[in-house]
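J.: The structure follows.
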Amino acid sequence: MNSIFKVICIFPFLLFACKSSKSDVNKDIENTPKVASDFTIAFGSCNKQNVENVLWDDIMQQKPNLWIWGGDNIYADTDNMETLRTEYNIQLNNEDYKRLIATTKILGTWDDHDYGLNDGGEEFEMKKESQQIFLDFMGVTKNDKRRQKEGIYHAEEIKTKNGIIKIIVLDTRYFRSRLVKDTESKKRYKPTTDKALTILGEIQWQWLKNELQISNADFNIIVGSIQFLSWEHGFETWGNFPHEVNRLENVIANSKAKGVLLLSGDRHISEFSRKSIEGLSYPLVDFTSSGLTHSYTNFSGENNKYRVGKVVSEKSYGLLKFNFKDSKITMEMYADNNKKLNQFIQRY
């Protein structure tokens, strides 16, 4: 049985925004019919290279057109670049993952454990060297412009016969200011009040603003490693920099870009978050998918005022199915043996 979340419009001038904001969440997930797709993206995060990777065969069965790494693609936590490269190579030599990269385009970002420093940011002394090893892992050619700049942020347009999808990959590590520790509660970090602190750094901010403003894509997918909307848990999140969250929302709304969706990882849980943004004719959705090889199995609940539906604490990956005709993205979570765990549909 389907449960449809509706916004009830009282005033006539809100009618358009409400129609544009329609989204569906299905409770009886396993019995939902298979959705046809013009283009399919699979993504995930938090992948230990030294344990069994059980989900690659399931991902291959979905025949995705694109795989997106959401960060913590391996676990290394080291400033020894020889060690870092060795750990990446373990993942590259995984037979199931090799079959995926042989048939599927790969994009993605990093998070702290593949960056090299737990919860690390701009202070990591080996970030330039780590960047080059990350780009090797991603199969980026030696003459690619990403080799010459600081940070791994990147954008690509994917043109299909039915429309265009733009992938905008953010770097939330290389330029990120130090986090503020919370010494007053059991939470690890707390939001800063210092507006000089940053997640993206000014150059990357200007780049993101431009990429959205010039986009003529039907859908614009922004990939970041940490959660954008959920902030109450006290771990790493955009919410530790409230002024940066406000800036992101303003940049997206002012750009008039179509079909913006946020993808995140890091948390070892998977969930959907949704927020209404002033000036944006559709809700902003953050699809968190984590983790691929390990998850927060003891999860007992945490606040997230923007959560839609349930939290998934099983090992899982995310799937995006694009429908250009209906301006719709069907978002799904899958566990081992392609057991469907959750689904959310956003119409733009």
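The values are calculated or read from the model by the stated rules, or taken from the named source; none is laboratory data. Computed from a predicted model, the values in this text were never measured in an experiment. FYI the Cβ positions are ideal-geometry reconstructions off the backbone, even for glycines, and counts take in every protein chain you see. Remember, those area values only see protein heavy atoms, side chains included, never the ligands or the DNA or RNA. Shrake-Rupley method; radii C 1.70, N 1.55, O 1.52, S 1.80 Å.
J.: Working carefully through the options Glu249, Glu314, find the one that is within 21 Å of Ile199 (Cβ to Cβ) and either under 18 Å from the mean Cα position of the chain (by Cα) or buried (at least 18 other Cβ atoms within 10 Å of the Cβ) (or both).
T.: Within the list Glu249, Glu314, the selection yields Glu249.
J.: May I ask you to list the residues in region 225-235 that are part of a loop (DSSP other than H, G, I, E, B) and either open to solvent by less than 10 Å² (accessible area, probe 1.4 Å) or closer than 16 Å to Arg274 by Cα (or both)?
T.: Ser225, Ile226, Phe228, Leu229, Ser230, Trp231, Glu232, Gly234
J.: Of the residues that make up region 147-164, is at least one open to solvent by less than 90 Å² (accessible area, probe 1.4 Å) and in contact with a Gly (Cβ under 7 Å, 6 or more places away or on another chain)?
T.: The answer is no, given that none of the residues of region 147-164 is open to solvent by less than 90 Å² (accessible area, probe 1.4 Å) and in contact with a Gly (Cβ under 7 Å, 6 or more places away or on another chain).
J.: Taking Ile199 as meeting all but one of (1) in a loop (DSSP other than H, G, I, E, B); (2) surrounded by 19 or more Cβ atoms within 10 Å (Cβ to Cβ); (3) in contact (Cβ under 8 Å) with a residue 60 or more places away in the chain, write down the number of the exception.
T.: Here Ile199 clears every test but (3).
J.: Any residue at all in region 133-142 that is assigned to a loop (DSSP other than H, G, I, E, B), among the charged types (D, E, K, R) and buried (at least 17 other Cβ atoms within 10 Å of the Cβ)?
T.: No; the residues of region 133-142 include none that is assigned to a loop (DSSP other than H, G, I, E, B), among the charged types (D, E, K, R) and buried (at least 17 other Cβ atoms within 10 Å of the Cβ).
J.: How many residues, within region 92-117, are farther than 16 Å from Phe43 by Cα and among the polar types (S, T, N, Q)?
T.: Residues meeting the conditions: 2.
J.: Another question, if that's okay. Applying the selection to region 252-305, what residues are open to solvent by 10 Å² or more (accessible area, probe 1.4 Å) and over 24 Å from Phe235 (Cα atoms)?
T.: Those that are open to solvent by 10 Å² or more (accessible area, probe 1.4 Å) and over 24 Å from Phe235 (Cα atoms): Asn254, Ser255, Lys256, Lys258, Glu278, Gly279, Leu280, Ser281, Tyr282.
J.: So Leu341 ticks every box in (1) within 22 Å of Lys63 (Cβ to Cβ); (2) of a type in the set (A, V, I, L, M); (3) under 13 Å from the mean Cα position of the chain (by Cα) but one. Which box is left unticked?
T.: The number of the failed condition is (3).
J.: With the requirement that a residue be farther than 13 Å from Met60 by Cβ and not in a helix (DSSP H, G or I), what does region 85-99 give you?
T.: Of everything in region 85-99, just one residue is farther than 13 Å from Met60 by Cβ and not in a helix (DSSP H, G or I), namely Asn93.
J.: Right, next: Does any residue of region 150-158 turn out to be among the small types (Gly, Ala, Ser), touching a strand residue (DSSP E or B) at 6+ places or on another chain (Cβ under 7 Å) and in a strand (DSSP E or B)?
T.: Taking every residue of region 150-158 in turn, at least one turns out to be among the small types (Gly, Ala, Ser), touching a strand residue (DSSP E or B) at 6+ places or on another chain (Cβ under 7 Å) and in a strand (DSSP E or B).
J.: Are there any pairs, at least 6 apart or on different chains, whose C-beta atoms fall under 6 Å, with the first in region 158-170 and among the basic types (Lys, Arg) and the second crowded, with 19+ Cβ neighbours inside 10 Å, and if so, which?
T.: Close Cβ pairs (under 6 Å, with a partner that is crowded, with 19+ Cβ neighbours inside 10 Å) amount to Lys166/Ser215; Lys166/Ala217; Lys166/Asn220.
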